[in-house]
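Reviewing the structure listed below.
The values are calculated or read from the model by the stated rules, or taken from the named source; none is laboratory data. Computed from a prediction, not measured in an experiment: that's the story for all the values here. In this analysis, Cβ positions are derived from the backbone assuming ideal geometry, glycine residues included, and neighbour counts consider all displayed protein chains. When the accessible area is computed, the model is the full protein with side chains, heavy atoms only, and any ligands, DNA or RNA have been set aside. Shrake-Rupley method; radii C 1.70, N 1.55, O 1.52, S 1.80 Å.
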Amino acid sequence: MIKLGVCTGVENAKALAQAGFDYIETSLSAVAAMSEEGFQQAEKTLLESGLACEAMNVMMPGEIPLTGPQADVSRAGEYLSRAFSRARKLGAKVIVFGSGASRRVPENFPHEKAFRQLGDFLTLADGLARENGLRIAIEPLRRQECNILHFVSEALILASLLRLPHVGVLGDTYHMAAGNEPLSALAEAGELLWHVHMARPQNRAYPSRQDPQQDQEAYASLFSTLRAMGYEGRVSVEGQCANFLPDAKESFALLNSLRRA
């Protein structure tokens, strides 16, 4: 069965468990930046919550450029060695490579060179992911957040060309809606679809049974598409909320019913 989670800070793990979710997804770059004492506290918080941090997003901090003349694969590798080690200790299985600030292509820099640079980076990251039992999911981002890799179809092409065993793709319904990309792109990704993000398409809020009918139909279509393709991975809510616990409970009630439909 599809697992349900939420992208949020470790401090919300206990409340997330109370809401009924299966796992928590938190920021890799934030965890990597923690002091050793802070990291140990994060481990304790997760242990007490009963939830594993099965997915992590924000793979790269913005201050490490991956494209352009300042791209530094060596520096990126040093960071990932530390970050992936911590991710493994928290129980992570998949790492989301969105990181729009890090992969943004500088003005007037050729995009074909930027794609090659991303390929070089992912080749390095693939080896480090293997060492830590992780998989990397390339996340397409809407144009307002990054100027390269906007569509699931593009991420699929990159992953397919690289043919790296620990690199697949992610589909985020919010970004997909922004680019008018159909849900069929998820099915086309097939076995390379390793993770999914979702939110209300209009304002990136937590899905709710109070949302407009067309939004609820979109949520139902997502899970119908995933079931039809035999997807048994994870779906994380990535958005904003007004009151975490009640909003998380409401969102879980809706999404749990849809994954079981």
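Okay, here's what the table says:
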{"quantity": "Top-ranked residue in the stretch 21-60 [being outside any helix (DSSP H, G or I) and more than 20 Å from Asp172 (Cβ to Cβ); ranked as least open to solvent (accessible area, probe 1.4 Å)]", "calculated": "Leu51"}
{"quantity": "Residue count for the stretch 242-261, restricted to those that are surrounded by fewer than 18 Cβ atoms within 10 Å (Cβ to Cβ) and under 20 Å from the mean Cα position of the chain (by Cα)", "calculated": "3"}
{"quantity": "Residue within the stretch 171-179 that is touching a Ser or Thr at 6+ places or on another chain (Cβ under 7 Å), in a helix (DSSP H, G or I) and not aliphatic (A, V, I, L, M) present", "calculated": "no"}
{"quantity": "Residue that is nearest to Leu183 (Cα to Cα) [pool: residues in the stretch 203-216 that are more than 23 Å from the chain's Cα centre (by Cα) and open to solvent by 60 Å² or more (accessible area, probe 1.4 Å)]", "calculated": "Gln214"}
{"quantity": "Residue count for the stretch 172-201, restricted to those that are over 15 Å from Arg135 (Cβ atoms) and under 13 Å from the mean Cα position of the chain (by Cα)", "calculated": "7"}
{"quantity": "One residue from Ala125, Ala137, Ala159 being open to solvent by less than 60 Å² (accessible area, probe 1.4 Å), touching a residue at least 24 places away in the same chain (Cβ under 8 Å) and over 21 Å from Tyr231 (Cα atoms)", "calculated": "Ala125"}
{"quantity": "Any hit, the stretch 219-239, residues being open to solvent by 50 Å² or more (accessible area, probe 1.4 Å), at pLDDT 95 or above, outside any strand (DSSP E or B) and touching a Phe, Trp or Tyr at 6+ places or on another chain (Cβ under 9 Å)", "calculated": "no"}
